[in-house]
1. By how many nm would the segment from residue 131 to residue 57 grow when fully extended, if each residue of separation counts as 0.36 nm and the alpha-carbon distance is taken off?
2. Of the GluC sites (Glu not before Pro) in segment 93-164, which ones lie in a loop per DSSP and count no more than 10 other C-beta atoms within 10 Å?
3. What shape does segment 97-193 take by its C-alpha gyration tensor, where a ≥ b ≥ c are the square roots of the eigenvalues and a/c under 1.5 counts as rounded, a/b above b/c as prolate, and the rest as oblate?
4. Just grab the label-to-label distance for residue 151 and residue 230, each label 7 Å out from Cα along the Cβ direction, in nm (one decimal).
5. Tell me which residues come under 5 Å, amide H to amide H, from residue 118 once H is placed; ignore anything under 5 positions away on its chain.
6. In Å and on Cα atoms, what radius of gyration and Dmax does segment 28-166 show?
7. Give a quick list of trypsin sites (Lys or Arg not before Pro) in segment 1-90 that DSSP marks as loop, anything other than H, G, I, E or B, with at most 16 other Cβ atoms within 10 Å.
8. In sequence order, what are the phi-derived ³J(HN,Hα) couplings for segment 13-18 according to the Karplus relation 6.51 cos²θ - 1.76 cosθ + 1.60 with θ = phi - 60°, rounded to whole Hz, with x for glycine and proline?
Amino acid sequence: MSIERLETWFVERLGIQPDRAMRHRLRQLVLDDAAARHLDVDTYAALLRRDGAVREALVDRLVVPTTAFFRHPEHFAALRAALPDWPGPVTVWSAGCSTGAEPYTVAMVLREAGVRDWQVVGSDVSAAALQRAAAGRYGDAEVAGLDAERRRRHLERCEGAWQVVPALRERMVFLRHNLAVDDVPAPARRARAVFCRNVMIYLDPAVQRALLDRLDDQVPKLELLFLGATESLWGSDRPLPSGAVGGGVRVPSGAPDAAGGAGAEGGGAAGGAAAGGGSRPGGGG
Ligand SMILES: C[S@@+](CC[C@H](N)C(=O)[O-])C[C@H]1O[C@@H](n2cnc3c(N)ncnc32)[C@H](O)[C@@H]1O
């Protein structure tokens, strides 16, 4: 098998649409891994196909795990503002949660708002990222986004690092999940809000659409969908309307609007752009 076919097989399996930099990194990773195992490309390809652990390790090294606590704070302000309207229990799904800063930020918001009954589901395709998320341990630089009061309240010192307190950790569910191909995991199906930020950008447009359809079918209570600030919906090049809550989309309740008109209300998003960017998944073109 040529290295090009091997790469194509791998990215299709992941459902990603790698840009040039990612494709370059993938090639380098494949060549390095094959060389480290003293294998030619054909033999390495066969190994990759049959050995899930080898594939997993490659995924762990390929994905971009960049994240931070309270990254785009306006999203968390929008979440907090919505909470009084949601009868408990409240479930929020952080899809593509990386090492956990995003789902733990959600947990902090829920706790600070005094929500009694809640659960945060964090999922990622990278097993290594999830392992870190489940441990909830971070270095000084990683918790830089948390002020002193939040550190005091939500973290504790642990062997020279910081660890999220058990009161938050015990309400978290972390699981491995590939947004490109897997159905919505059972605990996330109750979600009122989904954070799917800075991950859509890696997915092929057709895969993005299928994901949005799955959200529509499998997350019936979904009201708020947060995407990264530069991401768009429907696999189109169109960025989300700037009036939407920092890239968040308020998903209208009820049946999808086939006309695509009654779309986003998020933060006062305006007309035409909102129809594509903000209508319920599955309802837009
Ligand atoms: C740039 S990080 C974003 C983390 C977090 N959402 C944030 O915005 O701070 C992207 C994450 O998406 C994950 N990811 C990439 N492709 C994925 C897929 N197909 N399914 C699930 N997670 C994926 C990566 O492993 C990585 O942890």
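Each value in this text was obtained by applying a stated rule to the coordinates, not by laboratory testing. Fair warning: this is a prediction, and the values are worked out from it, not measured in the lab. With ideal geometry, Cβ positions are generated from the backbone for all residues, glycine too; neighbour counts draw on all protein chains shown.
1. Stretched out fully, the residue 131 to residue 57 stretch lengthens by 25.3 nm.
2. The qualifying sites are 159.
3. Numbers: a/c = 2.34, a/b = 1.38, b/c = 1.69.
Oblate.
4. The two pseudo-label positions are separated by 3.0 nm.
5. 90
6. Answer for segment 28-166, Rg first and Dmax second: 18.9, 59 Å.
7. Counting only loop positions with at most 16 other Cβ atoms within 10 Å, the trypsin sites (Lys or Arg not before Pro) in segment 1-90 are 37.
8. Running phi through 6.51 cos²θ - 1.76 cosθ + 1.60 with θ = phi - 60° gives 4, 7, x, 8, 10, x Hz.
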